[in-house]
Amino acid sequence: MIGQTKKLMWGLGINDEDAEVIQHAAGDRFALSCFPIGVTPTIDQLETEEPCLLWISKQGWDTLKTLPASSIAHLEVMSRILIMGGDYDLAELESLLECGFTEIIKPPITESRAREVLLSAVETQNLYQDIMHMTREICLDREILERKNDMLSFIISFLEKVTQHLDPTEILRAAQTELKTLLPVSAINAICWSPQDTTNIHASVYVASSKKDSIANRWTEKLKAHAEGLLGEAVVSTDMNYMGTVTTDILPSSDSLLAVNLEHSGVTFGVVMIQCHEQPQLGKDQIQILQSALSHLTLGLNNAMLYTSAQHDADIDGLTQLYNRRHFETRLQEEDFRHRRYGHSLCLMIADIDNFKRINDSHGHLAGDAVLRDFSKILETSLRTSDYIARFGGEEFAVILPCTPASHAALLAERIRIQIEQHDFVTDKGILNATASFGVACIDLTREEPPVEMIRRADAALYCAKDEGKNQVSILYPDNSLLVAGGYAT
């Protein structure tokens, strides 16, 4: 094709004589394709033939000016040479110069003048093409830069959101919100455990729903199954966290579910499941940014689980796995405030194993530890889920009983006392028997007093039970009246 071997020029409304001179002057490097007046080359022709120059007669130009600007706008991107025939004045010439013509020449056209104009126009066209090429490269570079800037902004925002908390729930909520700008995310659910745990895994489950229901159960089962596949063993126990990040029921769907194993420094500590409402379509850049985001999410959750584990260790007694005294005092303040606010009864029970020093001295501390562990289990199985148990001291245990009157607290203490009296404690030294004394106190709603006063009364009641012969229950009321009894009906 001519257009592939020679540079193409267009002629619009030029006569045959001028066309012959132009073609002769152009030589073999150029081809001239002419259009009569009234025929305007289309934009499709411009893109297909890619002419380097437009020769146009004054009559042809006058005809073009009568057409809508939108229909000839594509001709303005070309180098144009106007052949100015006929009469004209200086004002008209100045007006034509403002129309963007590369050259304006007067007929008759000579071969030398045509060649001069042509070379100048081609040089201008080449310069224009170079500028356009550079412009396209700049635009492309700018587009790449903007895309990378958007990626960087997303990563910075994501990193900030998932590292500003040490609560896994808040981290997962932030991740769900941020990832919606990258993926069609509908819900994020997760199961995590302490990176320091290698056996007897106790995991925390985080589900997107706001309550325990069949949907939450489905997610819990799927998360546990995946976790056990990673661990190669069963998850011993779980605690549930309902994040409330969704308002509709969203079931696990393998077609659009992204499971991300959480691993840091070669240690696996959970899995995050990202449920999408449609199959994600990700490009190379999006995959890279997603991988980076998930790395930050893994790091944030790793730190959160380590913090949670450290906080748990700080609040939990290592031997009995009950809360310790530090945590108990904080909880008692919270319960005291809540019950005073609503005018509800609140009781505190302190239990002490009788003659515990004799057990340690006679049978050894390992046997004593076994008695303490069994004792804590009896308390746990005898109480409601709303009750709170803590190891108060060496062989002392404190129990907070919300919304419980003193008479009910005393009956409960007596029931537990009998269980302990009848229990066989299995130790490395054989079966041992033990008893316990109980002190009970209740909140005084008639006056303001610190929670420590309830501890003081319960402790005083306990020592009264000890003084009266041990293996008894004693209640000290706010008015300091005392009741000691050892035979409440079970």
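The values are calculated or read from the model by the stated rules, or taken from the named source; none is laboratory data. These figures come from a predicted structure and were not determined experimentally. Every residue, glycine among them, receives a Cβ derived from its backbone with ideal geometry; neighbour counts consider all protein chains shown. The area values use the complete protein model at the heavy-atom level, side chains included, leaving out ligands, DNA and RNA. Shrake-Rupley method; radii C 1.70, N 1.55, O 1.52, S 1.80 Å.
Figures for the structure shown
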read-out	value
One residue from SER309, SER345 being at pLDDT 85 or above and open to solvent by less than 80 Å² (accessible area, probe 1.4 Å)	SER345
Failed criterion for ALA410 (all others in (1) modelled with pLDDT under 95; (2) crowded, with 20+ Cβ neighbours inside 10 Å; (3) not in a helix (DSSP H, G or I) hold)	(3)
Unique match (being touching a residue at least 24 places away in the same chain (Cβ under 8 Å), within 18 Å of ARG457 (Cβ to Cβ) and of a type in the set (S, T, N, Q)) among THR404, THR427	THR404
Residue ranges of strands (runs of 3 or more DSSP E) in region 204-318 with at least 1 members acidic (Asp, Glu)	237-242, 257-264
Among residues of region 178-203, those that are more than 23 Å from THR308 (Cα to Cα), β-branched (Val, Ile, Thr) and not in a loop (DSSP other than H, G, I, E, B), counted	1
Selection from region 197-219 of residues that are at pLDDT 90 or above, open to solvent by 20 Å² or more (accessible area, probe 1.4 Å) and touching a Ser or Thr at 6+ places or on another chain (Cβ under 7 Å)	ILE215
Which listed residue, of ARG331, ARG326, ARG338, is touching a Phe, Trp or Tyr at 6+ places or on another chain (Cβ under 6 Å) and either in a helix (DSSP H, G or I) or surrounded by 13 or more Cβ atoms within 10 Å (Cβ to Cβ) (or both)	ARG331
Residue check, ALA121 modelled with pLDDT under 80, farther than 18 Å from GLN23 by Cα, part of a helix (DSSP H, G or I) and open to solvent by less than 80 Å² (accessible area, probe 1.4 Å)	no
Whichever residue in region 238-248 is closer than 24 Å to THR181 by Cβ and touching a helix residue (DSSP H, G or I) at 6+ places or on another chain (Cβ under 9 Å) and, among such residues, is surrounded by the fewest Cβ atoms within 10 Å (Cβ to Cβ)	GLY244
Looking only at region 312-323, and only at residues there that are touching a Ser or Thr at 6+ places or on another chain (Cβ under 9 Å) and modelled with pLDDT under 85, the one that is least open to solvent (accessible area, probe 1.4 Å)	ASP315
Tabulated pairs, region 452-470, first on the phi > 0 side of the Ramachandran plot, second of a type in the set (Asp, Glu), C-beta under 7 angstrom, 6+ apart or interchain	LYS470/ASP354
Given (1) without any contact (Cβ under 8 Å) to a residue 40 or more places away in the chain; (2) in contact with a Leu (Cβ under 6 Å, 6 or more places away or on another chain), index of the condition ILE274 fails	(1)
Inter-residue pairs, beta-carbon under 7 Å, first within 19 Å of VAL117 (Cβ to Cβ) and part of a helix (DSSP H, G or I) and in region 21-47, second of a type outside the set (A, V, I, L, M) and open to solvent by 60 Å² or more (accessible area, probe 1.4 Å), 6+ apart	VAL21/GLU111; HIS24/GLU111; ALA25/GLU111; ALA25/ARG115; ARG29/LYS6; ARG29/LYS7
Residue match in region 21-40 (condition: surrounded by 13 or more Cβ atoms within 10 Å (Cβ to Cβ), of a type in the set (S, T, N, Q) and over 20 Å from ALA73 (Cβ atoms))	yes
Verdict on PHE158 being assigned to a helix (DSSP H, G or I), among the hydrophobic types (A, V, I, L, M, F, W, C), touching an Asp or Glu at 6+ places or on another chain (Cβ under 7 Å) and at pLDDT below 90	yes
Pair list, Cβ under 9 Å, 6 or more apart: region 88-103 residue without any contact (Cβ under 8 Å) to a residue 60 or more places away in the chain and outside any helix (DSSP H, G or I), other residue open to solvent by less than 50 Å² (accessible area, probe 1.4 Å) and β-branched (Val, Ile, Thr)	PHE101/ILE56; PHE101/ILE81; THR102/ILE81; THR102/VAL117; GLU103/ILE81; GLU103/VAL117
Hits in region 390-403 (condition: open to solvent by 20 Å² or more (accessible area, probe 1.4 Å) and either within 11 Å of ASP317 (Cα to Cα) or outside any strand (DSSP E or B) (or both))	ARG391, GLY393, GLY394, GLU395, CYS403
Selected residue (criterion: farthest from ARG341 (Cα to Cα)) from residues of region 357-381 that are open to solvent by 20 Å² or more (accessible area, probe 1.4 Å) and under 41 Å from the mean Cα position of the chain (by Cα)	ARG373
Residues satisfying the stated conditions in region 351-368, i.e. under 17 Å from ALA436 (Cα atoms) and among the small types (Gly, Ala, Ser)	ALA351, ALA367, GLY368
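Residue-by-condition table, conditions (1) in contact (Cβ under 8 Å) with a residue 40 or more places away in the chain; (2) of a type in the set (A, V, I, L, M, F, W, C); (3) farther than 19 Å from LEU262 by Cβ:
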position: SER295; (1), (2), (3): no, no, no
position: THR330; (1), (2), (3): no, no, yes
position: GLU335; (1), (2), (3): yes, no, yes
position: ASP354; (1), (2), (3): yes, no, yes
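Results for (1) within 53 Å of the chain's Cα centre (by Cα); (2) at pLDDT 80 or above; (3) of a type in the set (Asp, Glu), shown as yes or no for each residue.
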{"position": "ARG80", "(1), (2), (3)": "no, yes, no"}
{"position": "ASP89", "(1), (2), (3)": "no, no, yes"}
{"position": "GLU103", "(1), (2), (3)": "no, yes, yes"}
{"position": "PRO107", "(1), (2), (3)": "no, yes, no"}
{"position": "VAL117", "(1), (2), (3)": "no, yes, no"}
{"position": "GLN129", "(1), (2), (3)": "yes, no, no"}
{"position": "MET134", "(1), (2), (3)": "yes, yes, no"}
